[in-house]
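Have a look at the structure below, then the notes.
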Amino acid sequence: MWNEAHEHGDADVLQGLWADDLEVDVPKMPAMSKTEVMAFARSGRMKFLRYATSDINIRVYGDAAVVTGRLQ
């Protein structure tokens with residue numbers, strides 16, 4: 001669902017998947033909050049020909065988690 005929503009630019013699905021305190025870090029760009037990423041997703045400028053994740057690792061710290069992985 002995560003990968004398909006990104007590939008199709010489905011902002012409504014992403015809105016539900018992303019935590020309210022989401023922060024997105026992309027090389028050579030400033031960090032973006034969920035509000036900023038949602039605006040970008042809804043703008044139609046978020047385009048992917050392929051969106052595939054692998055090597056996902058989830059670390060839980062109390063009531064928070066950190067997810068790392070690879071994106072192609």
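The values are calculated or read from the model by the stated rules, or taken from the named source; none is laboratory data. Since the model is a prediction, treat every value here as computed from it, not as a measurement. Reconstructed Cβ throughout: ideal geometry from the backbone, glycine too, with neighbour counts over all protein chains shown. Areas reflect the complete protein model, heavy atoms only, side chains present, ligands, DNA and RNA absent. Shrake-Rupley method; radii C 1.70, N 1.55, O 1.52, S 1.80 Å.
Figures for the structure shown
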{"read-out": "In the range 45-58, the residues that are in contact with a strand residue (DSSP E or B) (Cβ under 6 Å, 6 or more places away or on another chain) and within 18 Å of Trp18 (Cβ to Cβ)", "value": "Thr53, Ile56, Ile58"}
{"read-out": "Subset of the range 46-60 (residues that are among the aliphatic types (A, V, I, L, M) and under 14 Å from the mean Cα position of the chain (by Cα))", "value": "Met46, Ala52, Ile56"}
{"read-out": "Every pair of residues 6+ apart whose Cβ atoms lie under 6 Å, when the first sits in the range 61-72 and is over 15 Å from Glu23 (Cβ atoms) while the second is surrounded by fewer than 10 Cβ atoms within 10 Å (Cβ to Cβ) and among the charged types (D, E, K, R)", "value": "Gly69/Asp55; Arg70/Asp55"}
{"read-out": "Hits in the range 32-45 - residues which are within 12 Å of the chain's Cα centre (by Cα) and of a type outside the set (Val, Ile, Thr)", "value": "Met32, Ser33, Lys34, Glu36, Met38, Phe40, Ala41"}
{"read-out": "All positions within the range 37-50 that are surrounded by 10 or more Cβ atoms within 10 Å (Cβ to Cβ) and among the basic types (Lys, Arg)", "value": "Arg42"}
{"read-out": "Matching residues in the range 35-48 - criterion: being in contact (Cβ under 8 Å) with a residue 12 or more places away in the chain and either farther than 17 Å from Val24 by Cβ or assigned to a loop (DSSP other than H, G, I, E, B) (or both)", "value": "Gly44, Met46, Lys47, Phe48"}
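Residue-by-condition table, conditions (1) open to solvent by 60 Å² or more (accessible area, probe 1.4 Å); (2) on the phi > 0 side of the Ramachandran plot; (3) at pLDDT 90 or above:
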site: Leu14; (1), (2), (3): no, no, yes
site: Met29; (1), (2), (3): yes, no, no
site: Thr35; (1), (2), (3): yes, no, yes
site: Ala52; (1), (2), (3): no, no, yes
site: Ile58; (1), (2), (3): yes, no, yes
site: Tyr61; (1), (2), (3): yes, no, yes
site: Ala65; (1), (2), (3): yes, no, no
site: Leu71; (1), (2), (3): yes, no, no
